[in-house]
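First the structure, in the form of structure tokens, and then the observations on it.
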Amino acid sequence: MTLLKVANLLVIIEAVSPMQRQIQSYVNKMNRQLFLFVVFPSFVATASSYDRKDFNYRSYKPNTAIGFYTGKTCDFINIDHVVSLKDAYESGAANWSDSKKQTFANDRRNHVPTCGRVNSSKGSAVPKDFLRRSNDGKGLDYKIVRWCEYVTKYHSVKLAYQLTTSNNDQKLLASCSKSRSNTG
């Protein structure tokens with residue numbers, strides 16, 4: 001092989017080498033993302049950020065001043081999503097079309113009138129955390145008087161929209177089913 005051919009090969013190898021490193025870096029990144037998706041699909045779904053506006057919720061005025069959770073008259077009343085939009089997002093809605101997100105957000109089967117402060121306290125909590133927040137001694141304590149009705153509604157919405165309940169306390173969800181079957 002002539003010296004010129006060797007020099008040309010070295011130039012080609014040097015040009016290909018950075019490109020190979022870029023390609024290998026990209027392949028490694030894609031493999032990590034694929035691994036995360038296969039092993040931790042909920043992590044990947046929540047890795048893209050939740051944005052309430054993506055659900056296109058249209059608020060409306062409740063036709064009562066009585067809060068669903070407390071049974072008390074509210075100074076300020078608004079609509080609460082029983083299954084919060086964030087909870088839905090984290091349990092399957094992240095993969096929904098914009099149209100399905102909007103349908104979910106505006107589905108009145110998932111709405112209850114609630115006192116504004118109770119709604120703020122509940123936030124995007126799942127039932128277990130909502131119960132804890134209702135009497136955690138951090139300022140706003142209230143009694144949830146329709147607990148099993150709330151849990152039943154929560155569970156039925158999750159089922160209707162095929163959302164996972166893996167982030168919920170299964171015993172807590174089952175406790176209300178048992179109490180209903182014992183009284184009915």
Just list whichever of Lys122/Lys153; Lys101/Lys128; Lys86/Lys153; Lys122/Lys143; Lys53/Lys86; Lys72/Lys122 have alpha carbons separated by over 20 Å in the model shown. Lys101/Lys128
Partner aspartates and glutamates whose C-alpha sits under 15 Å from that of Lys138, ignoring same-chain residues fewer than 8 away, are Asp129
Sorted by mean Cβ packing within 10 Å, highest first, what order do the peptides 128-137, 109-118, 80-89 take? 80-89, 109-118, 128-137
³J(HN,Hα) across the stretch 140-147 via Karplus (A = 6.51, B = -1.76, C = 1.60, θ = phi - 60°), whole Hz, x for Gly/Pro? 9, 9, 8, 9, 8, 8, 10, 4
Sequence neighbours fewer than 8 away in the same chain don't count; with that in mind, list the aspartates and glutamates whose C-alpha is under 13 Å from Lys100. Asp54
From the phi of every residue in the stretch 107-114, what ³J(HN,Hα) in whole Hz does the Karplus formula 6.51 cos²θ - 1.76 cosθ + 1.60 yield, where θ is phi - 60° and glycine or proline is x? 6, 5, 5, 9, 10, 9, x, 8
Around His111, which amide H atoms from residues at least 5 apart in sequence, or from another chain, sit under 5 Å from its own amide H, with H modelled in the peptide plane? Val82
Which of the aspartates and glutamates could be linked to Lys61 by a straight reach, that is with a Cα gap under 15 Å, when you skip same-chain ones fewer than 8 residues away? Asp75, Asp80, Asp107
For the stretch 52-183, what are the per-bin percents of Cα-Cα distances with bins 5 Å wide, up to the bin holding the maximum? 2, 10, 20, 23, 21, 15, 7, 1, 0
Could you go through the stretch 86-99 in sequence order and give the Karplus-derived ³J(HN,Hα) for each residue, using 6.51 cos²θ - 1.76 cosθ + 1.60 with θ = phi - 60°, rounded to whole Hz, and x for Gly and Pro? 5, 4, 4, 4, 6, 10, x, 6, 4, 8, 6, 6, 4, 5
Sorted by chain and number, the residues with a modelled amide H under 5 Å from that of Ile77, at a separation of 5 or more or across chains, are Gly116
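Every number here is computed from the coordinates shown, using simple stated rules; none is lab data. Only a predicted model underlies this, so the values are computations on that prediction, with no experimental measurement involved. As a convention, Cβ positions derive from the backbone with ideal geometry for all residues, glycine included, and neighbour counts pool all protein chains shown.
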